[in-house]
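A short worksheet on the structure shown next.
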Amino acid sequence: MNKLDQILKTAGLRKTLARKAVFEILTAESLCKDKSCRHHCELWSADDIHREIKVFYKKDTPDRVTVYRVLKEFLNKEIIQTCTGQDGVARYEYTDNHHHHIVCVSCGFAEQVESEALEKVFHGVAKKLTHFKTTLSHSVELQGVCTKCSRV
């Protein structure tokens, strides 16, 4: 059983062309929208994903609405994460470890941020609240200026 089959089975989803296509784009290490790209190429907007699927699947391309629906399912099942940049566009990535991002406000470059201390803070927040017993999930996005943009 391959990785996608295992993930879908665990999530209670059946394998469809649309789910397979979206997953393949999100996990393709060699794909990049722009050959001169210096961005974190694992972050894809829904339009980027749909465009790449059209290139690889030609006539069997799922429509844009289906791509959005698959992305929503994958988010709800915690198969993927989302990161919204300064431009307000949600970008998606497959990940098997929880992390956050810092995004450059000038060019959109994104870098992963992993911090055990930060995670402990978020999980401890519920203990200090009076109307919540626990936190189920969280998402944090830091903003800054990358080294390349700061040299300009």
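Please treat every number below as a calculation from the coordinates, not as lab data. Here the structure is a predicted model, which means the values were calculated and not measured. Counting neighbours? That spans all protein chains shown, and the Cβs are built from the backbone with ideal geometry, glycine included.
Is the chain rounded, prolate or oblate when judged by the Cα gyration tensor, a ≥ b ≥ c being the square roots of its eigenvalues, rounded requiring a/c under 1.5 and prolate requiring a/b larger than b/c? Oblate is the answer for the chain, as a/c is 1.5 or above yet b/c matches or exceeds a/b. The ranking of F74, F122 by Cβ neighbour count inside 10 Å, starting from the fewest, reads F122, F74. Relative contact order (percent) for the chain, with alpha-carbon contacts under 8 angstrom and 6 or more residues of separation? Averaging sequence separation for qualifying contacts and normalising by length gives 19 percent for the chain. Loop-located GluC sites (Glu not before Pro) across segment 97-138 with a Cβ neighbour count of 14 or fewer within 10 Å are E114, with loop assigned by DSSP. Other residues within the sphere of radius under 12 Å centred on the Cβ of N2, judged by their own Cβ, net out at +2 (K and R +1, D and E -1).
Which distance in Å, rounded to a whole number, links the C-alpha centroids of segment 105-152 and segment 58-93? What the calculation gives is 21 Å, centre to centre.
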